[in-house]
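Please read the structure below before turning to the comments.
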Amino acid sequence: MKILNFNRKIKIDIKTYTLIIALIIIWLLFGYLTGGIFFYSRNFSNLLRQMTIISFLSIGMTLVIITGNIDLSVGSLTGFISIIAAYLQAVMLPEILQGLFPSLSTEGLGILSTIVTIIICLLVGLLAGICQGYIIAYLKVPAFIATLGGMLIFRGAILGVSRGRTIVPIENSLRWVAQGYLPKKLGILVVAIAIIVIFLMSLQNRKKKKQYGFEIKPFTYDFLIASVYSVLVLGFVLIVNNYRGVPNPVIIMVVIAILVTYLANNTKFGRYVYALGGNIEATKFSGINVQVVIFKVFILMGLLSGVAGIILTGYVAAGTIGGGMNYELTAIAGCVIGGASLSGGKGTIIGALIGSLIMASLENGMSIMNMSVFWQYIVKGLVLILAVYIDVASKKNNS
Amino acid sequence: MKDEYILKIENIIKDFPGIRALSNVSFKIKKGDIHGLCGENGAGKSTLVKILAGVYPHNTYKGKIYFNDEEIEFTHFSVRQAIKKGIAIVYQELALIPEMTVGENIFLGREPEYKGTISWDRLFSDAKEILKKYKLNIPFAAKVSELSVGQQQMVEIAKALSQKVKVLILDEPTSALTEAEINSLMEILKYLKHNGVTCIYISHKLEEFFRITDKITVLRDGLVVDTVRTADTTEEEVIAMMVGREMKERFPIRNRKIGEKILEVKNLSAGNLLAQSKMAIKNISFDLRKGEVLGIAGLMGSGRSELVTTIFGEYGKHVTGEIFLEGKPIKISSAREAVNYGIGLVPEDRKKMGLVLMQAIYKNISLPNIRKFSNALSVDKYKELNECRKYADSLNIKTPSLFAITESLSGGNQQKVVIAKWLMSTPKILILDDPTRGIDVGTKYEIYKLINKLAKNGIAIIMISSELEEVLGMSDRIMVMHEGKCTGILERKAATQKKVMALATGTKNYSGV
């Protein structure tokens, strides 16, 4: 049984821990520099909401990067979908919906408009993903080029739809999706359910390990780990509840992050994504249809760009021509800080989220300190380079 | 006495995380000798020569190295330092730039300059001179990608010689060479010896040691077993030292139980079908029975690998001919279809085509088989680990953990991982493309036994091999290929080395490099 030594896994996780430590250091630093303002629960709540739009992109980008590809179009695509959402809500849907359902109240029409907008925007994202994925996976155009083209096309389309103007107004219901909060009691209920799930999963794992005769850690160890996670979740909700509750987009982000993490770690698809990123030839020779896998990864990326676009419109409460500008770069930076390797095969969703949170924290902290925007860009650039250097240097020492 | 030993290695200890690769290695190398270094995979040969060549700098190992009685410690840019001192290594995997010419490769990083620009005339005339001086028969202006593997090897050697090396280390130089190329390499080495160059020669082919080396040092598990004079020993003795036991037979005996026909290939051609000369394989027909081992012999470039990858769907739709599986005609245009038909392929280049090196061992074993452990929603990881463990145990894969990165394994164990992944898929037909290339004697024997066991269990096996003895020792029938064509299928009893060689060279005299 020596051959199954679970200790190896802990070593790999150390990387995630260093990332968390880096995040905590950055937080402490800003806490000190801003005289504690950084730690106000209001700011904490804002910080999380600020990271959400980019984080939808980072989550999808992680899978793209793991396959050894890149998607430069997501920022423009997000902006494009955002402008479509605004156009639908401000120009197109009010007339059509009023014509179809004259009996509905203004509020009812608004909610209906938001639902239709969300569906159409997700479909647009999906379609964009299908097109780009097909071009990359089947027509074999390198992803860098295909998505560079996509970036220009969507940026152009934004100007075409908006005719260079900002589009308003946005329905209240869509604004609520991006700006609202989960009622505090509901937040607590969600936490309670989450904690129960954490403990059940821990028990389930023990049962499985026992079933196949693998060594299991002492019960107290697993119990402690589950407790730590539970305390973190609870602590988080208590902090944001201290302000207004969990921001809605944060809930959406967490749900998507959990789903995609599950997809990456616990499904065939996820396995294939990592395998083909590590060695596409060997994966192909193992009888796996690598083209389909790459195709699906880009479809998911398109869909998540759709989510980002919708939230962006609700958050800004307008469709703007600059929407989503440079988001792709921030998303890629988040993934890379989070440990994804641009040569493929490596990366995690949680890493990408922490990476995005680090970037968002820098931006948020520096804004509170009233640092000029030009400094903000420079600092973010330096941090990105430093993070990757540390990663490279630590790898060198290991080998 | 000063000049007798050019290299003295004393008490070298080198640790890798979790493994001691070298424990207290000491031996001496005489000036002008060809000194053989042999041992099973993981015995520490490559680690040792990498220390000598400065790949691992001085502070990463313990012990002392004397070069011409002067202690050497390579630190920064250590490979460069080593070359300056006069120690250079020619790796198993060639390190040339395919799109550059021979001359450019030889002088890479040391291009002769004239007022800040490269002096191409001098570069090429110097390259030509070196090639001529050491009788290396290679066109100096050819692109490296146009050369055969054997010629590329010689470019590497020329590159080392152009830097006036005194000690040339060759790490398994012949593993990818044809007989003729090996012969000319041997001639070159003899010529270098004549010119006072000392060689350290690593190989898995013992016969080569007895052709050219003066002394042989045998390593086992990071220790020096002994250094012997080649003239005073025998192959059997060396093998016994390497594995630590007597090897009775090179190839295990198998009880043959050959069953019904499972695969039939008729007039298979693949590649560029428009031009006869550009086809990878031409008009190949053969059949394969359950429990049979069909050996495929042929030189590098004879189309033997192309034949099996065609069956595995690599050429997609650029294929003509018929394939029958259990009597039914089938079309295979992708690896996925081949796997679904129950065909497994252990490819020629396990690092490139066989393994995802950066991933855990168990993930590699289960890669073609994940469907077995998963439903629509999830992979049952523990069931998967449990299955992988069974195969890893039964193949005796040497690793501290199934979670270890595949790259950390030795070549032989990596090959076992590739075999394990196909065994788990319970194939009807298993194709092994040169499965023992670059693998030590002990693991080779294990793989032979495994092949026999699989055949006994009714799996049909196609085995390509670069070693004639291996094909003759393992196969029930031997198919010989030459220039993409099948030049003959021999019964085991009728096959001899001479006959196979004659067919493999297309009866013409093989003129060599």
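None of the figures in this text is laboratory data; all of them are computed from the coordinates on show. Here the structure is a predicted model, which means the values were calculated and not measured. Every residue, glycine as well, gets a Cβ built from its backbone with ideal geometry; the counts of neighbours run over all protein chains shown.
Of the DSSP beta bridges with both residues in chain B, give the percent that are antiparallel, rounding to the nearest 5.
Details: 48 of 83 bridges.
Antiparallel bridges make up about 60 percent of those DSSP assigns within chain B.
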Quiz item: Roughly what would the spin-label model give for A:Val379 and A:Leu329, points 7 Å off Cα along C-beta, in nm?
Solution: 1.8 nm
Self-check item: Rounded FRET efficiency, nearest 0.05, which uses the C-beta distance separating B:Glu187 from B:Ala494 and R0 of 25 Å
Solution: 0.15
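Can you put B:Phe209, B:Phe251, B:Phe67 in order, fewest other beta carbons within 10 Å first? Write down the numbers at each step before the final one.
Working: B:Phe209 23, B:Phe251 16, B:Phe67 20.
Ascending Cβ contact count within 10 Å gives the list B:Phe251, B:Phe67, B:Phe209.
If you count, for each residue, the other Cβ atoms within 10 Å and average over each peptide, how do B:99-110, A:204-215, B:327-338, B:401-412 line up from highest to lowest? Can you show the working numbers first?
Numbers: B:99-110: 18.2, A:204-215: 13.8, B:327-338: 15.8, B:401-412: 19.9.
Result, highest mean first: B:401-412, B:99-110, B:327-338, A:204-215.
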Quiz item: Leaving out same-chain residues fewer than 8 places away, which aspartates and glutamates sit with a Cα under 14 Å from that of B:Lys62?
Solution: B:Glu10, B:Asp15, B:Glu71, B:Glu73
Quiz item: Within the stretch A:145-182, whose backbone N sits under 18 Å from a point 7 Å along Cα→Cβ of A:Cys131?
Solution: A:145-163
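My understanding is that a pair violates if its Cα-Cα distance is over 19 Å; which of A:Lys284/B:Lys453; A:Lys217/B:Lys381; B:Lys85/B:Lys132 do that in this structure?
On the way: A:Lys284/B:Lys453 28 Å; A:Lys217/B:Lys381 17 Å; B:Lys85/B:Lys132 24 Å.
As for pairs spanning more than 19 Å Cα to Cα, those are A:Lys284/B:Lys453; B:Lys85/B:Lys132.
How much length is gained on full extension from B:Met100 to B:Met501, taking 0.36 nm per residue of separation minus their Cα-Cα distance?
141.0 nm
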Quiz item: What aspartates and glutamates could a cross-link reach from A:Lys268, if we take a straight Cα to Cα line under 13 Å and drop same-chain neighbours fewer than 8 places away?
Solution: B:Asp380, B:Glu384
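If the only charges are +1 at each Lys and Arg Cβ and -1 at each Asp and Glu Cβ, what is the size of the charge dipole of the stretch B:250-407 around the Cα centre, to the nearest 20 debye? Can you show the working numbers first?
On the way: 26 positive and 16 negative charges, 51 e Å.
Rounded to the nearest 20 debye, it is 240 debye.
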Quiz item: Suppose every K and R has +1 on its Cβ and every D and E has -1 on its Cβ; what is the size of the dipole of the stretch B:348-426 about the Cα centre, in Debye to the nearest 20?
Solution: 60 debye
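Once fully extended, how much extra length lies between A:Tyr262 and A:Ser41, figured as 0.36 nm per residue of separation less the alpha-carbon to alpha-carbon distance? Numbers along the way, then the final one.
Numbers: separation 221, 0.36 × 221 = 79.56 nm, distance 2.99 nm.
Here the answer is 76.6 nm.
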Quiz item: Computed FRET efficiency, Cβ-Cβ of B:Glu129 and B:Glu4, R0 25 Å: what is it to the nearest 0.05?
Solution: 0.20
Self-check item: Residues whose placed amide H lies under 5 Å from that of B:Leu7, excluding near-sequence neighbours
Solution: B:Ile29, B:Asn68
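If you scale each eigenvalue of the Cα gyration tensor by 5 and take the root, what three semi-axes come out for the stretch A:321-399, rounded to whole angstrom and sorted largest first? Write out the running numbers ahead of the final one.
Details: eigenvalues 120, 47, 22 Å².
Semi-axes (√(5λ), whole Å): 25, 15, 10.
Report, as an integer, the average count of C-beta atoms from other chains found within 10 Å of each Cβ along B:370-376. Intermediate values should be presented prior to the final figure.
Working: counts 9, 2, 0, 2, 5, 2, 2.
Partner-chain Cβ atoms within 10 Å, mean over residues of B:370-376: 3.
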Quiz item: B:Ile118 to B:Ser145: FRET efficiency via 1/(1 + (r/R0)^6), r the Cβ-Cβ distance, R0 22 Å, to the nearest 0.05?
Solution: 0.60
Quiz prompt | Near-label residues of the stretch A:381-395 by backbone N, under 15 Å of a point 7 Å along Cα→Cβ of A:Leu33 | solution = A:381-384
Quiz item: In straight Cα distance, which aspartates and glutamates are under 12 Å from B:Lys416, not counting same-chain residues fewer than 8 positions off?
Solution: B:Asp393, B:Glu446
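Determine the dipole magnitude for the stretch B:391-453: charges of +1 sit on the beta-carbon of Lys and Arg, -1 on that of Asp and Glu, nothing else is charged, the reference point is the Cα centre, and the result goes in debye to the nearest 20. Kindly include the intermediate steps, with their values, before the conclusion.
On the way: 8 positive and 6 negative charges, 41 e Å.
Here the size comes out at about 200 debye.
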Quiz prompt | Dipole-positive endmost among B:Leu268, B:Val238, B:Leu294 within the stretch B:220-294 (Cβ charges, Cα centre) | solution = B:Leu268
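Expressed in nm to one decimal, what extension gain is obtained for the pair B:Lys328 and B:Asn11 from 0.36 nm per residue of sequence separation less their Cα-Cα distance?
On the way: separation 317, 0.36 × 317 = 114.12 nm, distance 6.35 nm.
The span from B:Lys328 to B:Asn11 would gain 107.8 nm if fully extended.
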Quiz prompt | Average other protein chain Cβ within 10 Å of Cβ, residues A:270-283 | solution = 6
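Rank these for me by crowding, B:Met242, A:Met151, going from fewest to most other beta carbons within 10 Å.
Values: B:Met242 22, A:Met151 18.
Fewest-to-most Cβ neighbours within 10 Å comes out as A:Met151, B:Met242.
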Quiz item: Add -39500 (n - 2.57) for each DSSP H run of 4 or more in chain B, then divide by its residues: what number comes out at 222 nm, to the nearest 500 deg cm²/dmol?
Solution: -9000 deg cm²/dmol
Practice problem: Measure off 7 Å from each Cα along the Cα-to-Cβ vector at A:Ile145 and B:Lys390, then give the distance between these two points in nanometres to one decimal. | Solution: 4.8 nm
Self-check item: Packing rank of B:111-120, B:136-145, where each peptide gets the mean count of other beta carbons within 10 Å, highest leading
Solution: B:136-145, B:111-120
Quiz item: If each of A:Phe219 and A:Leu232 carries a label point 7 Å out from its Cα toward its Cβ, how far apart are those two points in nm?
Solution: 2.5 nm
Quiz item: Calculated from DSSP H runs of 4 or more alone, at -39500 (n - 2.57) each and per residue, what is the 222 nm mean residue ellipticity of chain A, nearest 500?
Solution: -26000 deg cm²/dmol
